[in-house]
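**Student:** If you scroll down you'll find the structure; I have some questions about it.
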C-alpha cells in the first residue's frame, strides 16, 4: 500500500479528474490538501479519499509540510506528494525536500518554472530557444528591443498557461506594457524574441532520464494570436501519425531540453515552434500534465484513461507506453460580442453532419457569463482513426458554430 497526498487548491474540474483517478488506484491510500473545507469536496470524490487537510495557502511549502504531517497522523506515513498545477511545482519540491519524499527536486522545479532561468539553461546546453532578458527598468527594456527587434513577447517570469502574456509590436506597445506593469529589481519583467512559425506541443514521459513516450499536438492559430483576438475559435489537433517531417527536429531537441533542465522522471508539457526555415525552437516547458483538454485528448487518441496513467506514473512509478490508435482534436468555442451568452448557432446542423465523431463536448449555455479564459465558453472534441477526417471536422465546427454574446440591458 502506497500512501500519497495530492495538493489540489480548489478542486477545479480538471484537477478533480486527476485527484479522482489517483484516489481510485488499487493499492493507494490518498489524502487531499485543499484550501476548501471538507464539506465542499464533491461527495463522489470524497468517498474515495482516506483523509482531507485544509490549508490557508496551498502554495506555501511550510503549510504543505504541516498538512502532510497532519495527514500522516491520520492515514500513515505519506510516501508520495503530488500536484497537477504548474504553480505548485516549486512549493511541492521544497516540501518533498523537507520531508524526504522522492520526486521532482527544487533545482529542476526552478528550471522549469522560472522562464528566464529555463532559457538560460537551454541556451547554455545548445538547445535552440527564443532570446530573452529579464528587465528591471525601461532602459533595459528598450535596449533589448533595439538588439532583438519587434515584435516582442512580454510575460511574467513565472507565468502559466499564457497568463499575462502579450505581443508587443512597436515602441508604443512596449511603453504601454511598462506603464501597466512597471518592472523593478524585486519584480522584473521578462521580454522574449517573438518566434515565428507553426506552434506545437511535445508532451512526453521521462523515466530514469530517458524519454520513453511522446505525443505531439498542433495549435491553430498560435496561442498569442488567440489572446489578441478574443473572438477566434481556435483548435488543438493531436494527429495519429507522428512521423510527419514537420515534427522531425523535436525528437532530438525535446529530450535534449529535458536533460538540460534536469528532468529525470515524470510527465512534461513542452511548447515549441517549427520556424519557416524548418528549424526547431523550444518555447516553454512545464513539469505537469497539459491543459486545454490535451490530457483528455491523450486518452482519446490512445484509447486509455490518461488521467489514471499520469497518477500511476507519479505515485507508483509505473508507465506502460500506449499505442496511438486515433487522431483527436478540440475546438474552443468563443463568443462574439460582450456580456453573457445569448445563443449558440449552428449546433443542430453540425450534429447531423459530424455528430458521430464527437466524443466530448461542453456547449455554452444561454445566460452563461463570458469566460475570462482563452479556452472560451465551451468546447467540442472529436476523434477518428484518420487525421484528415478530424482536421476537416475541426474546420466545420470553427466555421459552423457561432456563440453570440450580449450585454445586459
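Values in this text are rule-based calculations from the coordinates and carry no lab data. What you see is a predicted model, and the numbers here were worked out from it, not measured in a lab. Note that each Cβ is placed from the backbone with ideal geometry, even for glycine, and that neighbours are counted across all protein chains shown.
**Student:** In Å, what Rg and Dmax follow from the Cα atoms of region 234-293?
**Tutor:** In order Rg, Dmax, the Cα atoms of region 234-293 give 12.3, 33 Å.
**Student:** If you don't mind, there's one more thing I want to ask. Of all DSSP beta bridges in the chain, what percent run antiparallel (nearest 5)?
**Tutor:** Around 80 percent antiparallel, to the nearest 5.
**Student:** Any chance you could run the full-extension gain for residue 210 through residue 36? It's 0.36 nm times the residue separation minus the Cα-Cα distance, nm to one decimal.
**Tutor:** Details: separation 174, 0.36 × 174 = 62.64 nm, distance 3.79 nm.
Extending this stretch completely gives an extra 58.8 nm.
**Student:** Quick one: Debye curve from the alpha-carbon atoms of the chain only, equal weights, vacuum; give me log10 I(q)/I(0) at q = 0.06, 0.08, 0.12 Å⁻¹ to two decimals.
**Tutor:** These q points yield log10 I(q)/I(0) values of -0.25, -0.46, -1.07.
**Student:** How high is the FRET efficiency from residue 338 to residue 388, r the C-beta distance, R0 30 Å, rounded to 0.05?
**Tutor:** The formula returns an efficiency of 0.25 here.
**Student:** So for the pair residue 345, residue 231, with labels modelled 7 Å out along Cα→Cβ, what separation do we get in nm?
**Tutor:** Distance between the two pseudo-spin positions: 1.2 nm.
**Student:** Ranked highest first by average number of other Cβ atoms within 10 Å, how do 217-224, 120-127 line up? Before the final figure, lay out each step's value.
**Tutor:** On the way: 217-224: 19.4, 120-127: 15.6.
Output ranking for 217-224, 120-127: 217-224, 120-127.
**Student:** Counting residues in region 131-193 as N, plug N into 2.2 N^0.38 Å and put the Cα Rg over that result.
**Tutor:** Relative to the rule-of-thumb radius for its length, region 131-193 sits at 0.97.
**Student:** I want to verify a result. In a Gaussian network model of the chain, Cα cutoff 10 Å, which of these has the top mean-square fluctuation: 179, 260, 370?
**Tutor:** Residue with maximal mean-square fluctuation among 179, 260, 370: 179.
**Student:** Add -39500 (n - 2.57) for each DSSP H run of 4 or more in the chain, then divide by its residues: what number comes out at 222 nm, to the nearest 500 deg cm²/dmol?
**Tutor:** Dividing the helical sum by the residues of the chain leaves -10000 deg cm²/dmol.
**Student:** Starting from the Cα-Cα distance between residue 147 and residue 44, subtract it from 0.36 nm times their residue separation and give me the gain in nm to one decimal.
**Tutor:** So the chain would gain 31.5 nm between residue 147 and residue 44.
**Student:** Could you tell me what a quarter of the Cα convex hull surface of region 2-103 works out to, in nm² with one decimal place?
**Tutor:** 5.6 nm²
**Student:** Using the alpha-carbon centroid of each, what span in Å lies between region 233-310 and region 105-160?
**Tutor:** So the separation of the two Cα centres works out to 21 Å.
**Student:** Between residue 137 and residue 277, what's the calculated FRET efficiency when r is the beta-carbon distance and R0 is 30 Å? Round to 0.05. Don't skip to the end; give the middle numbers.
**Tutor:** Working: r = 35 Å, r/R0 = 1.15.
So, using R0 = 30 Å, E works out to roughly 0.30.
**Student:** A further question follows. Across the Cα atoms of region 300-343, what radius of gyration and what greatest pairwise Cα-Cα distance (Dmax) are found, in Å?
**Tutor:** Every Cα atom of region 300-343 included, Rg and Dmax give 17.6, 48 Å.
**Student:** Starting from the Cα of residue 24, step 7 Å toward the Cβ, then list every residue of region 307-335 with an amide N under 13 Å from that point.
**Tutor:** The answer is 307-309, whose backbone nitrogens lie closer than 13 Å to the label point.
**Student:** Highest mean first, what order results for 374-382, 391-399 on Cβ atoms within 10 Å? Provide the component values of the computation, followed by the final result.
**Tutor:** Numbers: 374-382: 22.6, 391-399: 18.8.
The peptides rank, most packed first, as 374-382, 391-399.
**Student:** Another question, if that's okay. By how many nm would the segment from residue 184 to residue 402 grow when fully extended, if each residue of separation counts as 0.36 nm and the alpha-carbon distance is taken off? Walk me through the numbers on the way to the answer.
**Tutor:** Numbers: separation 218, 0.36 × 218 = 78.48 nm, distance 4.29 nm.
The span from residue 184 to residue 402 would gain 74.2 nm if fully extended.
**Student:** I've got another one for you. Return the tail of the calculated pair distribution for region 274-409, meaning the percent of Cα-Cα pairs more than 27 Å apart.
**Tutor:** Tail of P(r) above 27 Å: 35 percent of Cα pairs.
**Student:** Can you tell me the order of 287-300, 188-201 when each peptide is scored by its average per-residue count of other Cβ atoms within 10 angstrom, highest first?
**Tutor:** Details: 287-300: 22.6, 188-201: 19.5.
Per-residue Cβ counts within 10 Å, averaged per peptide and sorted highest first, yield 287-300, 188-201.
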